[in-house]
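What follows is calculated from the coordinates using simple rules that are stated; it is not laboratory data. These numbers were taken from a predicted model, which means no experiment stands behind them. Neighbour counts run over all protein chains shown; Cβ positions are idealised from the backbone, glycine included.
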Amino acid sequence: MLHIERLTASVGDKTILDGLDLDIAAGEIHAVMGPNGAGKSTLSNVLAGRDGYTTTGTVTFEGGDLLALTPEERAAKGLFLAFQHPVEIPGVGNMYFLHTALNAIRLVRGQPEIGAVDFLALAKEHMARLDMDPAFLSRSVNEGFSGGEKKRNEILQLSLLEPRLAILDETDSGLDIDALRVVGEGVERLRHPERSMLIITHHPRLLEFVRPDRVHVLQAGRIVRTGDHHLARELEAVGYGAAAAR
Amino acid sequence: MTATPAGLLDRLVPPSPPSPRAERGRDWLAAHGLPTTRDEAWRYTPVDDIVGALEAAAPAPASTSQVSRSVVDALAGDHGGPRLVFVNGVFEPRASDAGGAVDGLWLGNRDGMRARPPSPRAAEDQPADGFQALNWAAGRDVAAVLVEPGAQLDQPVHVVHIAAPGEDTTANHPRTVVLAGPGSRVHLIESYVGLPGPSVTNASTRIVAGAGSTVTHHRVQDEAAAAIHVGRTAIDQGARSTLRATSIMTGGHIARSALAIGFDGTDACADIDGLYLPLGHQHHDNVVTVDHRASHCASTQRFTGIVDDHGRGSFSGHVLVRHGTTGTDAHQSNRNLVLAPTAQADTRPWLEILADDVRCTHGATVGRLDDDALFYLRSRGIPLEQGRAMLVAGFAAEIIDAITPATLRDRVAAAFAAGRGG
């Protein structure tokens, strides 16, 4: 599904990712954990195609060169990034945004467009599972949403767009325990043999609801240790420095 | 002000002014002339180009066979209510639909107005500037909308001013008068549109909102690509009156819209929206003045500019709170989106507060498209150009979504999308 080899990323003369290797097979859930400044957000940004980074190394996604694609091409190919800080877009209705995104992706995939009526029903069905008020559809994208509402809106998009690889960037940050449960259960429900997930996080909180197949420790721009879900507990108990040294 | 170019009066103004107002306009213009960019209120407007076009212009022909109902439908739309159509400033009954008798509403032109008792204040009016003086002196007709006290009009009244130039530049001077009686409710749509060709439209609109009246006014300037437009709208509000005004500018080559609102009685309020979209080499200027000369009135200005290519847009917003008034609530915002390095947006808030008990805010922004928002849309599979279009439309949505009726809102949205290549 995703194969990353010797990936470096820099901004100006500052190297942030420094020879990162990572393999995620279909259906697996991986967690990348690390302290602030380790390069977690850079990893998600580079994978999703944000401008501003100079990269070397290779990233192969579904057999093709991921780094050669535009952000929208990556999305159409099945990559999804749940943002750490979802962007507020005044004046653009949430429903219009979701509907446009879904049809843009379906168009590239050769699937027929979904009409407005069918889309509304579909969106409401997904929202009900995430305990979201349908009123969120008629508001502007993320505008005035609380932190928890924004994160739920991300998971709603994840659920509607049905990606092959979902990257969750600090999705657990800023959530209270109830919101964390809803989001965590929402993610767990999306587990599928054909869908992989990469959970990028500072805290292991979300991992109480979503059990990862592999846990990686990211430090100074590279993976320094890999283990199973027990590693997350260990990190919480002894901290990144000590865990990385073992 | 400068001396009026020699010959301009002779060429554009009829030798014997048809009314005392026309005579006042001619005398005022002869004495004071047209404005220049040295005049503060005209500093952003290429007024020399406008005067140059006027100097070369001939009076527009009074009648033209080019304007049928279907042409008016295509240019300005049909918004359900009565429609008065003026071509080159002269009433065109064949394309109009005065709508039979609507209770409490009188629609007409100069001929009909002559049969009515003159308004007492009309005799004292003085022009605000040389263009308005020229409008009075050279104008040949007037669109009149008179609403009786207490009348509640459900359907919008649509006044359409069409510039129908020939091969050479022609000048026309449409005038509109709206008197909303005390306690009445009226929705006026003013459309300024045109057939292709070089024209100069010099428009003047006067609205008097009686005590306790509710007036909605949508002014849409969507003239042809070669058109020059100078418009002035003066709205006087009585006590407890409510105004919702919107000014949309999509068309023309050089266009300036001045809006002067004055509170003559207490406890009145005005919500004033504006949207301007200069593209190509278009130039759109907005000059808004809100005169809080009565106490306990509230005004809110929301103007949004989207400038692209070599377009230039400006907003000058003057709030005047007079000495001796109290309880004024005045707000102003001007947001600009600059989409090309060659485009330019100017914003000039001017708050002149001569009273103590005032709540007054203003804000102005000039920015580019939000890269983070664009990346967010693209990361969801929305292609770059479509994402840009969504963000630009979103920037204008606050103003467009508030437009009524839906037929006009859809029309403005379509003109917006067409201009943006959407």
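Run the helix sum for chain B: -39,500 (n - 2.57) per DSSP H stretch of 4+ residues, divided by residue count, reported at 222 nm to the nearest 500 deg cm²/dmol. Don't skip to the end; give the middle numbers.
Numbers: 9 runs with 90 residues, N = 422.
About -6500 deg cm²/dmol.
R0 = 56 Å: FRET efficiency of residue B:350 with residue A:109, Cβ-based, nearest 0.05?
With R0 = 56 Å, the Cβ-Cβ based efficiency is 0.55.
Give me the extension gain from residue A:224 to residue A:23: residue separation times 0.36 nm, minus the current Cα-Cα distance, reported in nm with one decimal.
Fully extending the segment from residue A:224 to residue A:23 adds 70.9 nm.
Which order do B:145, A:141 fall in if you start with the one that has the fewest other Cβ atoms within 10 Å? Please report the intermediate quantities before stating the final value.
Values: B:145 23, A:141 27.
Starting with the residue having the fewest Cβ neighbours, the order is B:145, A:141.
Give the Cα extents of segment B:8-265 along the principal axes, in whole Å, largest first.
Principal axes ranked by extent give 47, 40, 35 Å for the Cα atoms.
Distance from the Cα centre of segment A:54-85 to that of segment B:344-422, in angstrom?
Segment A:54-85 and segment B:344-422 have Cα centres separated by 31 Å.
Cα axis of helix A:94-108 to longest principal axis of chain A: angle in degrees, 0 to 90, nearest 10?
Here the helix axis deviates by roughly 70 degrees.
Taking the alpha carbon gyration tensor of segment B:21-63, what are the square roots of 5 times its eigenvalues, largest first, to the nearest whole Å?
Semi-axis lengths for segment B:21-63 are 21, 17, 8 Å.
Under a point spin-label approximation (7 Å from Cα along Cα-to-Cβ), what is the residue B:74-residue B:357 distance to one decimal in nm?
A separation of 5.8 nm, rounded to one decimal place.
If R0 is 25 Å, what FRET efficiency do you get for residue A:192 and residue A:68 from their C-beta distance, rounded to 0.05?
Details: r = 27 Å, r/R0 = 1.07.
Approximately 0.40, to the nearest 0.05.
Order the peptides B:230-240, B:184-194, A:171-181 from the highest to the lowest mean number of other Cβ atoms within 10 Å of their residues.
Going by the mean number of other Cβ atoms within 10 Å, highest first, we get B:184-194, B:230-240, A:171-181.
If the only charges are +1 at each Lys and Arg Cβ and -1 at each Asp and Glu Cβ, what is the size of the charge dipole of the protein assembly as shown around the Cα centre, to the nearest 20 debye?
The calculation lands at about 320 debye.
Taking the Cα-to-Cβ direction at residue A:5 and at residue B:369 and moving 7 Å from each Cα, how far apart do the two end points lie in nm?
Between residue A:5 and residue B:369, the label points sit 3.6 nm apart.
Kyte-Doolittle cut-off -0.5, length cut-off 20 Å along the helix's own axis using Cα: show which whole DSSP H helices in chain B pass.
Sorted by number, the helices that extend far enough and score high enough are B:384-400.
Taking every eigenvalue of the Cα gyration tensor of segment A:39-98, multiplying by 5 and rooting it, what semi-axes result, largest first, whole Å?
The answer is 24, 15, 9 Å, longest axis first.
Under a crude label model (7 Å from the Cα following the beta-carbon direction), how far is residue A:36 from residue B:125 in nanometres?
If labels sit at residue A:36 and residue B:125, their model points lie 6.6 nm apart.
In degrees, nearest 10, range 0 to 90: what is the angle between the Cα axis of helix A:147-161 and the longest Cα principal axis of chain A?
Helix A:147-161 and the main axis of chain A meet at about 80 degrees.
Note down the magnitude of the dipole of chain B about its Cα centre, charges +1 on Lys and Arg C-beta and -1 on Asp and Glu C-beta and zero elsewhere, to the nearest 20 debye.
Here the size comes out at about 280 debye.
What is the helix-to-structure angle for A:230-245, meaning the angle in degrees between its Cα long axis and the longest Cα principal axis of chain A, kept from 0 to 90 and rounded to the nearest 10?
Tilt of helix A:230-245: around 40 degrees.
Give me the tail of P(r) for the protein assembly as shown as a percent: Cα-Cα pairs with distance above 50 Å.
More than 50 Å apart: 29 percent of the Cα pairs in the protein assembly as shown.
Normalised radius of gyration for segment A:92-152, please: alpha carbon Rg relative to 2.2 N^0.38 Å, two decimal places.
Values: Rg = 12.1 Å, N = 61, 2.2 N^0.38 = 10.5 Å.
Compared with the compact-globule rule of thumb, segment A:92-152 sits at 1.16.
How large is Rg over Rh for segment B:182-310, taking Rg from the Cα atoms and Rh as the Kirkwood inverse mean of 1/r across Cα pairs?
We get a ratio of 1.02 for segment B:182-310.
Would you tell me the mean number of C-beta atoms belonging to other protein chains that fall within 10 Å of each C-beta in A:144-154, as a whole number?
For this peptide, the per-residue mean of nearby foreign Cβ atoms is 0.
Evaluate E = 1/(1 + (r/R0)^6) for residue A:178 and residue A:133, where r is the Cβ-Cβ distance and R0 equals 22 Å; express this FRET efficiency to the nearest 0.05. Each step should come with its number before you reach the end.
Working: r = 15 Å, r/R0 = 0.68.
The calculated FRET efficiency here is 0.90.
Can you give the relative contact order of segment A:183-246 as a percent, counting alpha carbon pairs under 8 Å and 6+ residues apart?
26 percent
Would you tell me the mean number of C-beta atoms belonging to other protein chains that fall within 10 Å of each C-beta in A:71-84, as a whole number?
On the way: counts 12, 10, 3, 3, 7, 3, 1, 1, 2, 3, 4, 1, 4, 0.
For peptide A:71-84, the averaged partner shielding equals 4.
Two decimals, Cα atoms only, Kirkwood Rh: what is Rg/Rh over segment B:370-422?
Expressed as Rg/Rh, it is 1.05.
As a footprinting exposure proxy, order B:107, B:351, A:79 by other Cβ within 10 Å, with the fewest listed first.
Details: B:107 20, B:351 15, A:79 26.
So the ranking, lowest neighbour count to highest, is B:351, B:107, A:79.
Percent antiparallel among DSSP beta bridges with both residues in the protein assembly as shown, to the nearest 5?
Restricted to the protein assembly as shown, the bridges split so that about 20 percent are antiparallel.
With the dipole of chain B worked out from charges on the C-beta (+1 for Lys and Arg, -1 for Asp and Glu) around the Cα centre, which of B:400, B:179, B:416 lies farthest toward the positive end?
Looking along the dipole axis, the top candidate is B:179.
Below 10 angstrom from the Cβ of residue B:203, what's the summed charge of the other residues (Lys, Arg +1; Asp, Glu -1)?
Working: positive: B:175, B:219, B:232; negative: B:190.
Here the count lands on +2.
So if I place +1 on the C-beta of Lys and Arg and -1 on the C-beta of Asp and Glu, and nothing else carries charge, what would the dipole magnitude of segment A:2-245 be about its Cα centre? I want it in debye, nearest 20.
100 debye
Just subtract the alpha-carbon distance of residue B:19 and residue B:32 from 0.36 nm times their residue separation and send over the number in nm, one decimal.
2.7 nm
Net charge near residue B:129, counting Lys/Arg +1 and Asp/Glu -1 over other residues with Cβ under 12 Å of its Cβ?
With Lys, Arg at +1 and Asp, Glu at -1, the net is 0.
Placing +1 on the Cβ of each Lys and Arg and -1 on the Cβ of each Asp and Glu in segment A:1-108, which of A:32, A:107, A:49 has its Cα farthest towards the positive end of the resulting dipole?
A:107
Using a cut-off of 13 Å between beta-carbons, work out the net charge of the residues near residue B:228 (Lys and Arg +1, Asp and Glu -1, residue B:228 not included).
-4
Using each residue's phi in segment B:289-300, evaluate 6.51 cos²θ - 1.76 cosθ + 1.60 at θ = phi - 60° and report the 3J(HN,Hα) Karplus result to the nearest Hz, with x for Gly and Pro.
10, 10, 9, 7, 9, 10, 7, 6, 10, 10, 9, 10
What shape does segment A:31-184 have by the C-alpha gyration tensor, where a ≥ b ≥ c are the square roots of the eigenvalues, rounded means a/c under 1.5, and otherwise prolate means a/b greater than b/c and oblate the rest?
Oblate is the answer for segment A:31-184, as a/c is 1.5 or above yet b/c matches or exceeds a/b.
How crowded by other chains is A:211-218, given as the mean number of beta carbons from other chains within 10 Å of each beta carbon?
Mean partner-chain Cβ count within 10 Å for A:211-218: 0.
How large is the translational diffusion coefficient of segment B:95-186 in µm² per second when you combine the Kirkwood radius over alpha carbon pairs with Stokes-Einstein at 4 °C and 1.567 mPa s?
Value of D from the Cα-based Kirkwood radius: 86 µm²/s.
Where does chain A land at 222 nm, in deg cm²/dmol rounded to the nearest 500, when only DSSP H runs of n ≥ 4 count, each adding -39500 (n - 2.57), divided by all residues?
-11500 deg cm²/dmol
Take segment B:209-248, drop everything but the C-alpha atoms, weight them equally and run the Debye formula without solvent; then report log10 I(q)/I(0) at 0.15, 0.23, 0.30 Å⁻¹ to two decimals.
Log10 of I(q)/I(0), two decimals: -0.47, -0.77, -1.03.
Take each of the peptides B:336-345, B:354-363, B:387-396, average the number of other beta-carbon atoms within 10 Å over its residues, and list them starting from the highest.
The densest-packed peptide leads the list: B:387-396, B:336-345, B:354-363.
If we count other beta carbons within 10 Å of each Cβ, what is the order of B:376, B:276, A:240, fewest first?
Starting with the residue having the fewest Cβ neighbours, the order is A:240, B:376, B:276.
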